[in-house]
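For reference, the structure discussed in these notes is given below.
The values are calculated or read from the model by the stated rules, or taken from the named source; none is laboratory data. If you're wondering where the values come from, they're calculated on a predicted model, not measured in any experiment. Because the Cβ atoms are built from the backbone with ideal geometry, glycine has one as well, and the counts that use them run over all protein chains shown.
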Amino acid sequence: MFELTFLGTSASAPSIKRGLSSLVVQHDGFRFMVDCGEGTQRQILKSGIGFKRLNHILLTHGHLDHILGLAGLLSTFLRWEAIEEVNIYGSRHTMERVDDLINGVVLRNQQPPIPVNLLDIKPGLIFSSDKFEITAFPVSHRGSASLGFRFDEFGHRPFIPEAAEALGIPPGPWRKDLVEGKPITLQDERVIDPDQVLGPEQPGTSLVVVGDVGKPEKLAEYVSGADGLVMEATYLNDEVEMADVYGHTTAEKSALLAKENGVKQLILTHVSRRYRDEDILNEARAVFPNTFLARDFDNYQIKRES
């Protein structure tokens, strides 16, 4: 399961109710911020999620409305030393702009008190733990070398308590070892194999997060089968020509991408002040009913449907 907290959901400029782009994805003790628009650290405080373990920052691209908040956030991190290091991931184009911001403005070429790692990444695997991995993929948006991110849990075999009870396996480390795929030897010298208490393999949950995108149809292979898709809805379909000019997409096109590629749930963000929320939702839900429109401080849980 992935937990999402939206910190900023506005497009290009903040509004009274919406801050600039930022989202936190949590899984199994890990927390990943996706984009860091201006004012993000205040949004963190208002949301109540705090700064701890917020040391992985994934950037979709280097446009200022997605990165300016890094200056204030890192300044706070460096002053409080609340975390041991900060890892910032993005394409080369993005990291060049971030380097100017961090080293030229925040650090002024001074050595920081904690490591600040600017990681130039390419499409492919960028992070892995024992329970999930993150891959980056290319996104078309006004020549910005943009990236999207897919979070995939590894498959697992569920533990069957009834089978364990029937075999007389007591609660505790024996069951933990079996869940981890290790055979055990009980006190009566019986050897129990994991296959005796584990069910068939079940796929893990998948989440895809996309920033600004001009050609959503190119993302089909990357979003296919995702349990959750977070994607922009900067324009409505009656202004599709303007969306094309500025390298953005419409609520309808985002919904169509979800519908055609087996996505289970669509969450729209990057909302323009020119539209009413209900108009955005109505356009998307006419194509893909299981669509939601994120607001600042909304929380979602993305789970695989049983």
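Which members of region 260-294 meet the condition of being surrounded by 17 or more Cβ atoms within 10 Å (Cβ to Cβ) and within 18 Å of Ile16 (Cβ to Cβ)?
Hits for region 260-294 are Thr269, His270, Val271, Ser272, Tyr275, Ile280, Leu293, Ala294.
If the requirement is being more than 18 Å from Leu73 (Cβ to Cβ) and among the polar types (S, T, N, Q), which of these qualifies: Ser10, Ser15?
Ser15
May I ask you to say which residue of Leu229, Leu257 is assigned by TED's automatic domain parsing to the domain that holds Ala11 and either out of contact with any Pro (no Cβ under 6 Å at 6 or more places or on another chain) or part of a loop (DSSP other than H, G, I, E, B) (or both)?
Leu229
Can you tell me which residues in region 98-138 are under 20 Å from Gly72 (Cβ atoms) and either in contact with a Pro (Cβ under 6 Å, 6 or more places away or on another chain) or in a strand (DSSP E or B) (or both)?
Val116, Asn117, Leu118
One line per residue, one yes/no per condition, for (1) farther than 30 Å from Arg276 by Cβ; (2) in contact (Cβ under 8 Å) with a residue 12 or more places away in the chain; (3) within 17 Å of the chain's Cα centre (by Cα):
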residue: Leu4; (1), (2), (3): no, yes, yes
residue: Pro14; (1), (2), (3): no, yes, no
residue: Gly29; (1), (2), (3): yes, yes, yes
residue: Val34; (1), (2), (3): no, yes, yes
residue: Leu54; (1), (2), (3): yes, yes, yes
residue: Asp65; (1), (2), (3): no, yes, no
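Of the residues that make up region 89-96, is at least one modelled with pLDDT under 90, part of a helix (DSSP H, G or I) and more than 22 Å from the chain's Cα centre (by Cα)?
No, because not a single residue in region 89-96 is modelled with pLDDT under 90, part of a helix (DSSP H, G or I) and more than 22 Å from the chain's Cα centre (by Cα).
Working carefully through the options Leu167, Leu147, find the one that is out of contact with any Asp or Glu (no Cβ under 7 Å at 6 or more places or on another chain) and not assigned by TED's automatic domain parsing to the domain that holds Ala220.
One residue alone meets the criteria, Leu167.
Say we look at region 160-180 and pick out the residues that are touching a strand residue (DSSP E or B) at 6+ places or on another chain (Cβ under 8 Å) and at pLDDT below 90; which of these is farthest from Gly8 (Cα to Cα)?
Filtering region 160-180 for residues that are touching a strand residue (DSSP E or B) at 6+ places or on another chain (Cβ under 8 Å) and at pLDDT below 90, the one farthest from Gly8 (Cα to Cα) comes out as Trp174.
Could you please tell me which pairs satisfy a Cβ distance under 8 Å, a separation of 6+ or placement on different chains, a first residue in region 208-237 that is within 16 Å of Ile267 (Cα to Cα), and a second residue that is modelled with pLDDT under 95 and basic (Lys, Arg)?
Close Cβ pairs satisfying both conditions: Asp212/Arg142; Asp227/Lys303; Asp227/Arg304.
Which of (1) without any contact (Cβ under 8 Å) to a residue 12 or more places away in the chain; (2) not assigned by TED's automatic domain parsing to the domain that holds Lys218 does Asp100 not meet, given it meets every other one?
Against the list (1) without any contact (Cβ under 8 Å) to a residue 12 or more places away in the chain; (2) not assigned by TED's automatic domain parsing to the domain that holds Lys218, Asp100 comes up short only on (2).
Within region 183-199, is there a residue that is out of contact with any strand residue (DSSP E or B) (no Cβ under 9 Å at 6 or more places or on another chain) and touching a residue at least 24 places away in the same chain (Cβ under 8 Å)?
yes
Sort out which residues of region 34-68 are in a strand (DSSP E or B) and surrounded by fewer than 24 Cβ atoms within 10 Å (Cβ to Cβ), and write them in order of number.
His56
With respect to Leu4, determine if the residue is buried (at least 22 other Cβ atoms within 10 Å of the Cβ), hydrophobic (A, V, I, L, M, F, W, C), touching a strand residue (DSSP E or B) at 6+ places or on another chain (Cβ under 9 Å) and modelled with pLDDT of 95 or more.
For Leu4, the condition - buried (at least 22 other Cβ atoms within 10 Å of the Cβ), hydrophobic (A, V, I, L, M, F, W, C), touching a strand residue (DSSP E or B) at 6+ places or on another chain (Cβ under 9 Å) and modelled with pLDDT of 95 or more - is not met.
State the number of residues belonging to region 248-259 that are surrounded by fewer than 19 Cβ atoms within 10 Å (Cβ to Cβ) and touching an Asp or Glu at 6+ places or on another chain (Cβ under 9 Å).
1
Could you tell me which of the residues Val245, Val271 is closer than 19 Å to His61 by Cα, of a type in the set (A, V, I, L, M, F, W, C) and without any contact (Cβ under 8 Å) to a residue 24 or more places away in the chain?
None of the other options fit; the residue is Val245.
Look through region 189-224, keep the residues that are under 29 Å from the mean Cα position of the chain (by Cα) and hydrophobic (A, V, I, L, M, F, W, C), and return whichever of them is surrounded by the fewest Cβ atoms within 10 Å (Cβ to Cβ).
Going through the qualifying residues, I end up with Ala220.
Going by the conditions given, is Val34 closer than 23 Å to Tyr235 by Cα and assigned by TED's automatic domain parsing to the domain that holds Leu266?
yes
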